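Shown next, in structure tokens, is the structure this report addresses.
The values are calculated or read from the model by the stated rules, or taken from the named source; none is laboratory data. Predicted model only: the values in this text are computed from it and were never measured. Cβ coordinates were reconstructed from backbone atoms using ideal geometry, including for glycine residues, and neighbour counts include every protein chain displayed.
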Amino acid sequence: MEQFTIHPLFGGSEVHLFTITNQTFWMAMAILGTFLVLVVGSRGRALVPSRMQSVAEVTYTFVHSMIEDITGKQGLVFFPYIMTIFTFVVFANVLGLIPYGFATSSHFAITGTLAILVFVSVTVIGFVRHGVGFLKLFWVTAAPLPLRPFLAVIELISYFVRPVSHSIRLGGNMMAGHAVVAVFAAFAAVAMITPLSIVGITAIYALDLLAAFVQAYVFTILTVVYLNDALHPGH
């Protein structure tokens with residue numbers, strides 16, 4: 001598991017508040033990639049788009065459709081926030097697959113912070129938009145009246161568990177994928193049938209690359225679903 005170890009980049013063994021580590025470096029690379037796609041890539045707005053502009057436009061259309069399909073027109077005001085989350089998570093996942101790179105999204109400190117930000121943002125939006133009416137989210141009107149208080153407690157617990165499940169789903173999947181690749185790489189060094197191990201590494205790496213995009217999509221669509229609950233509370 002040494003591939004997940006955080007260490008200073010410029011000597012020393014202790015990590016302090018402003019120490020530049022491998023984690024902060026690769027997180028900065030993810031932020032830079034997000035900036036290049038969202039700002040530089042779409043800056044030209046040419047009729048015949050460049051490759052970077054094409055990537056920016058495809059990503060824009062994909063996230064825009066996701067938000068509109070789930071939340072309706074009301075959710076589009078939060079498009080920049082959702083778009084930034086999706087692009088950052090994609091870059092954080094993919095950059096972790098580069099040899100000698102670092103998977104920032106495999107650390108629960110990162111995914112947990114993202115999930116908590118989403119949780120707080122959605123909760124604030126819900127109360128700002130609906131006031132006390134946001135609490136209708138926990139009141140299941142379709143259930144028989146005697147069961148509603150019990151269901152409200154269950155709904156309330158599940159609501160506060162959201163940041164945990166939201167962060168563990170992303171961090172756990174990325175950590176597991178990288179760990180499996182490391183296991184197959186170790187087999188390739190000692191196994192009698194080295195070509196078979198290399199094939200296994202290639203297959204797992206391809207699966208991990210697919211998971212990098214899928215997990216970014218899952219994290220983002222859950223964010224949009226939670227946003228929809230804030231915009232349209234009630235059952």
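Can you confirm whether region 135-152 contains a residue that is closer than 28 Å to residue 97 by Cβ and either under 21 Å from the mean Cα position of the chain (by Cα) or among the aromatic types (Phe, Trp, Tyr) (or both)? I'd like the intermediate steps shown before the answer.
First, the residues of region 135-152 that are closer than 28 Å to residue 97 by Cβ: none.
So far as region 135-152 goes, no, none of its residues is closer than 28 Å to residue 97 by Cβ and either under 21 Å from the mean Cα position of the chain (by Cα) or among the aromatic types (Phe, Trp, Tyr) (or both).
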Can we say residue 167 is surrounded by fewer than 16 Cβ atoms within 10 Å (Cβ to Cβ), in a helix (DSSP H, G or I), at pLDDT 80 or above and hydroxyl-bearing (Ser, Thr, Tyr)? no
Residue pairs within 7 Å by beta carbon, gap of at least six or interchain, first lying in region 160-182 and of a type outside the set (Gly, Ala, Ser), second outside any helix (DSSP H, G or I), listed first then second, are 174/96; 174/103; 178/96; 178/103
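Quick one: which of 59, 123 is touching a Phe, Trp or Tyr at 6+ places or on another chain (Cβ under 9 Å), part of a helix (DSSP H, G or I) and without any contact (Cβ under 8 Å) to a residue 40 or more places away in the chain? Give the derivation first.
Working: 123 fails: without any contact (Cβ under 8 Å) to a residue 40 or more places away in the chain.
Criteria check complete, one pass: 59.
For residues that are among the hydrophobic types (A, V, I, L, M, F, W, C) and exposed (fewer than 14 other Cβ atoms within 10 Å of the Cβ), tally how many sit in region 37-61. Don't jump to the end; show me each part of the working.
Restricting attention to region 37-61, the residues satisfying the condition of being among the hydrophobic types (A, V, I, L, M, F, W, C) are 37-40, 46-48, 52, 55-56, 58.
Imposing the further condition that a residue be exposed (fewer than 14 other Cβ atoms within 10 Å of the Cβ) reduces the set to 39-40, 46-48, 58.
Here the count works out to 6.
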Restricting the search to region 104-143, which residues are β-branched (Val, Ile, Thr), within 17 Å of residue 155 (Cα to Cα) and buried (at least 16 other Cβ atoms within 10 Å of the Cβ)? 122, 123, 140
I'd like to verify a number: residues in region 17-56 that are free of Cβ contacts under 8 Å to residues at least 40 places away in the same chain and either under 19 Å from the mean Cα position of the chain (by Cα) or assigned to a helix (DSSP H, G or I) (or both), how many? 13
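Taking residue 214, is it at pLDDT 85 or above, under 19 Å from residue 112 (Cβ atoms) and in a helix (DSSP H, G or I)? Reasoning before the result, please.
Values: at pLDDT 85 or above: yes; under 19 Å from residue 112 (Cβ atoms): no; in a helix (DSSP H, G or I): yes.
Considered against the rule, which asks whether it is at pLDDT 85 or above, under 19 Å from residue 112 (Cβ atoms) and in a helix (DSSP H, G or I), residue 214 comes out as no.
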Select from region 130-150 the residues that are hydrophobic (A, V, I, L, M, F, W, C) and not in a loop (DSSP other than H, G, I, E, B) and list them in ascending order. 132, 134, 135, 137, 138, 145, 147, 150
